[in-house]
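S.K.: Please see the structure below; I have some questions.
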């Protein structure tokens, strides 16, 4: 049985949106992440996606991260991926995508960068 996917949404004191994502990021859950992240982009808010609780990432999830990075960049809005779980980190580094994604070690680092 697949692990439940969830997005806990909050806002930082500086107005940046923060998503804490958990579970499996796959073809079934990717549309939810894309939809909710695009809403943030349309509001012109920066977004931090904490991925410390993502236990599995499929190719569709990787594609979503790349698509969101490109869409936010084109809209001149910041998106950061923070605290990658070991599973996500190994896939991102194996595919050498860490050069395309804005990755931070912690939420606080991402908040600092978003506020700058």
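Computed from the coordinates by the stated procedures, all read-outs in this text should not be read as laboratory data. Values in this document were obtained by computation on a predicted structure and should not be read as measured data. Neighbour counts run over all protein chains shown; Cβ positions are idealised from the backbone, glycine included.
S.K.: Give me the one-decimal nm value for the distance between modelled label points at residue 105 and residue 27, 7 Å along each residue's Cα-to-Cβ direction.
M.R.: With each label point 7 Å from Cα toward Cβ, the separation is 3.8 nm.
S.K.: Cut-off 10 angstrom, C-alpha nodes, Gaussian network model of the chain. Which of 34, 47, 95 fluctuates the most?
M.R.: Among 34, 47, 95, the largest GNM mean-square fluctuation belongs to 95.
S.K.: For a paramagnetic label modelled at 7 Å from the Cα of residue 10 toward its Cβ, which residues of segment 29-56 fall within the zone defined by backbone nitrogen distances under 18 Å?
M.R.: Answer for segment 29-56: 46-54.
S.K.: Rounded, prolate or oblate: which one fits the chain, using the alpha carbon gyration tensor with axes a ≥ b ≥ c (rounded when a/c is under 1.5, else prolate when a/b beats b/c, else oblate)?
M.R.: It comes out rounded by the Cα gyration axes.
S.K.: Could you check the simple spin-label distance between residue 38 and residue 93, using points 7 Å along Cα→Cβ, in nm with one decimal?
M.R.: With each label placed 7 Å out from Cα toward Cβ, I get 3.3 nm.
S.K.: Antiparallel versus total DSSP beta bridges in the chain: what percent is that, nearest 5?
M.R.: The antiparallel fraction comes to roughly 30 percent.
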